[in-house]
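J.: One structure, as structure tokens, below. Some questions next.
The values are calculated or read from the model by the stated rules, or taken from the named source; none is laboratory data. Keep in mind that this is a model prediction, so the values were computed, not measured. Quick reminder, even Gly has a Cβ in these numbers, built from the backbone with ideal geometry, and neighbours come from all protein chains shown. The accessibility values were calculated without ligands, DNA or RNA, using every heavy atom of the protein model including side chains. Shrake-Rupley method; radii C 1.70, N 1.55, O 1.52, S 1.80 Å.
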Amino acid sequence: MSKVIIRTDAAPAAIGTYSQAVKIQNTVYISGQIPLVPSTMQMVSEDFAEQTHQVFKNLQAVCEAAGGTLNDMVKVNIYLTDLSQFATVNEIMSQYFAEPYPARAAVQISALPKASQIEIDGVLEVPSTY
């Protein structure tokens, strides 16, 4: 079983010792995405809703680079610096995903890279290429 490293310029470049995603057979493990604009590697804004939209756009780009879509995600982990923003996440997530929704966890943590307010990672099952 070999690993395939997924990389796209349509999502932020890795800012550490990790890959944007790793694919093994039809399963893709997506690293955490924060609200960086890929072309500038700067935070999209300080606004939580705008940050959330940017994170989903970044996830979408990695999913597409791996041969799938957001709706192929089977598990999503959401990290928030303020859990009271969870309703906003739900509303925005519904604009990017169709039912059936992926399994999901959401937790509040004390801090995220680059002072982001949200980070999302997950697992994607891409359509079979056999």
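J.: Give me the pairs: first residue in the range 5-17 and without any contact (Cβ under 8 Å) to a residue 60 or more places away in the chain, second residue open to solvent by 30 Å² or more (accessible area, probe 1.4 Å) and among the acidic types (Asp, Glu), beta-carbon distance under 9 Å, and six or more apart or on different chains, which are they?
T.: That search, which allows pairs on different chains as well, returns THR8/GLU64; ALA10/GLU64.
J.: Can you pull out the residues in the range 85-106 that are in a helix (DSSP H, G or I), open to solvent by 40 Å² or more (accessible area, probe 1.4 Å) and of a type outside the set (Phe, Trp, Tyr)?
T.: Hits for the range 85-106 are GLN85, ALA87, THR88, ASN90, GLU91, SER94, GLN95.
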